[in-house]
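Read-outs throughout are calculated quantities, based only on the coordinates presented, and are distinct from any laboratory measurement. Since the structure is predicted, the reported quantities are computational estimates derived from the model, not experimental observations.
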Amino acid sequence: MFNDIGPLELVTIVVLAVLVFGPDKLPKVIQDVMRTIRKIREFSESAKADIREELGPDFKDFDFEDLNPKTFLRKQLDNDELGLKEIRNGFDLKKEMAEVTEAVQSADTPSSPSSASSASSSGGRIDMTKKPEDPGTDERPPFDADAT
């Protein structure tokens, strides 16, 4: 519940509690707070039990933490039936990036004089833009009935 409270924050809270409530009333306030927390926990547990009873035996293994989207997704992705673990383990990002880098570097280095002249004319870059194909004068462009 208080996983992110450090020792300095805890000391600050204790000092503020002593200053606000005083040393003689502080034990009574702590007891009241603990009693209230205990009642809230009992109320939530009884509400969960009532909901489980109403859902019936089909949902006896229903876990309320599954309603949290992060927990639900983690549980579904860890499910081995989908085969996602094999996909995740089979994908090596470093290897893929090395292959792409090697392919780009090999494409940048000219291997023959003809490719050197074409690379120098385009400024040392390969033109990878998609250029539209000109249909022949005797060809009609394709007709898409759904587009009209």
Set LYS28/LYS60; LYS28/LYS70; LYS75/LYS95; LYS25/LYS70, cut-off 31 Å on Cα-Cα distance; pairs above it are LYS28/LYS60; LYS28/LYS70; LYS25/LYS70
Computed over all unlike Cα pairs, the Kirkwood hydrodynamic radius of segment 29-77 in Å stands at 12.9 Å
Karplus-derived 3J(HN,Hα) from phi for segment 11-26 (6.51 cos²θ - 1.76 cosθ + 1.60, θ = phi - 60°), whole Hz, x at Gly and Pro, runs 5, 4, 5, 5, 4, 5, 5, 5, 5, 6, 9, x, x, 7, 8, 4
So the compactness index of segment 1-82, its C-alpha Rg divided by 2.2 N^0.38 Å, takes the value 1.71
